[in-house]
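Read the structure below first, then the notes.
The values are calculated or read from the model by the stated rules, or taken from the named source; none is laboratory data. Computed from a predicted structure; not experimentally measured. Backbone-built Cβ (ideal geometry, glycine too); neighbour counts: all protein chains shown. Protein only, heavy atoms only, side chains kept; ligands, DNA and RNA dropped before computing areas. Shrake-Rupley method; radii C 1.70, N 1.55, O 1.52, S 1.80 Å.
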Amino acid sequence: MARRVTYRSKYAEATGEKLPKRERRDIIPLDPAIQLPFAEGKVLLIDKPLHWTSFDMVRKLRGVLQIKKIGHAGTLDPLATGLLIICTGKFTKSINDFAAQEKEYTGQITLGAVTATYDLESQPEQPKEYAYLTEKEIRAEAEKFVGEIEQRPPMYSAIKKDGVALYELARKGVEVELKARKVTIYQFDITRIELPLVEFKILCSTGTYIRSLANDLGAALGCGAYLSSLRRTRIGAFSVDDAIPVEEVLTKKDN
């Protein structure tokens, strides 16, 4: 059976990056003393690295832990890092509860261009002047997004239309009319401005696309914008400060 291709490997192929060669190995049964607590149920706080999808992380842990009941509570885009809650065993029943909690993000928005994906998954285009903008104007426009707003999801997203992910339709050039959704932005702080970069901290409801927020801010400012970096720092009461790299899961088995 061919090895499943991950986003990480596809990204490396596209950019020419060389990944360490992985050799096929026979699966050695995991020590039951290690496996059992995960099979029964744990909540893992993982610090997702760049260029991994949320499902890549779940798939890796499923293979390492050799368990079937495992899932994540809220997708993070491949170009985002930070907190990913992964539940195993009985705690998979709580996934929707965790996913529904408010989220906190930090990151950067780049002014002066747009991208088809609203982030750096695609190349910046339609460059426009941005140097005329003042900090006061940028902060004032950001403040207008605080509260309940109507937000249109990116066409390049995992939302499904008739069972097909929108990003798959977008890659085929199929246009789909997207309906705006109500989301709540509790806080949109501009923490630093060094044009064309605008750094931010956002607190928002579940279902919010920070990529769309970046694109909409650029439209409001009249110069275009895209999300150039993103890190999820909190989900409800769970903080990325308490998260660990996925490689450390087994070493933390007693915690």
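Laid out as a table, the results:
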read-out	value
Distance between modelled label sites at THR191 and LYS93, nm, 7 Å Cα→Cβ extension	3.8
Unsatisfied cross-links (Cα-Cα over 22 Å) in the set LYS136/LYS201; LYS103/LYS128; LYS103/LYS182	LYS103/LYS128
FRET E, pair GLU102, ILE28, Förster distance 30 Å, beta-carbon r, rounded to 0.05	0.15
Fraction of accessible area attributable to carbon and sulfur, the stretch 51-162 (%, probe 1.4 Å)	51
Among 132-143, 100-111, the order from most to least packed when residues are scored by Cβ within 10 Å on average	100-111, 132-143
Efficiency of FRET between SER205 and GLN66 - r from beta-carbon atoms, R0 51 angstrom, step 0.05	0.90
Most to least packed among 187-199, 208-220 [average Cβ atoms within 10 Å]	208-220, 187-199
